[in-house]
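Asker: Let me begin by handing over the structure; questions about it come next.
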Amino acid sequence: MKGIQCKLARVALDWGVLDLARAANVSTQTITRLERGENLRPSTLERIQRVLEHAGIEFIAENGGGVGVRFKKPVL
């Protein structure tokens with residue numbers, strides 16, 4: 001997950017920085033650093049990504065078209 005994907009996911013969920021920080025049990029400064037493109041510990045990055053995925057976000061790899069996010073397809 002790249003910083004821009006974190007921000008896009010947060011906006012898609014209508015979450016503020018504080019909402020994500022609380023859900024991932026990290027500081028708001030950690031979220032801000034991630035979204036600015038700074039490096040985080042792999043375990044911290046994975047925790048934030050898991051929280052967003054659990055909330056319904058799917059991360060799209062670059063694959064030549066650019067990174068992105070989308071909502072997971074609902075299970076019928």
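Asker: Regarding segment 29-73, what is the average projected area of its C-alpha convex hull, in nm²?
Answerer: That works out to 3.8 nm², a quarter of the Cα hull's surface.
Asker: Here's a follow-up. Under a 1.4 Å probe, what is the accessible area of the chain per residue, stated in Å²?
Answerer: Each residue of the chain exposes 67 Å² on average to a 1.4 Å probe.
Asker: For the chain, which whole-number percentage of the solvent-accessible area (1.4 Å probe, protein heavy atoms only) is attributable to carbon and sulfur atoms?
Answerer: 50
Asker: Give me the dipole magnitude in Debye, nearest 20, for segment 6-76 about the Cα centre, with unit charges on the beta carbon: positive for Lys and Arg, negative for Asp and Glu.
Answerer: Details: 11 positive and 8 negative charges, 19 e Å.
For this selection, approximately 100 debye.
Asker: Shifting gears a bit: Mind giving me the FRET efficiency for S27 and I4? R0 is 25 Å, r the Cβ-Cβ distance, nearest 0.05 is fine.
Answerer: FRET efficiency, S27 to I4: 0.80.
The values are calculated or read from the model by the stated rules, or taken from the named source; none is laboratory data. Predicted model, so just to flag it, every value in this text is computed and none were measured. Because the Cβ atoms are built from the backbone with ideal geometry, glycine has one as well, and the counts that use them run over all protein chains shown. Keep in mind that these areas ignore ligands, DNA and RNA; they rest on the heavy atoms of the full protein, side chains included. Shrake-Rupley method; radii C 1.70, N 1.55, O 1.52, S 1.80 Å.
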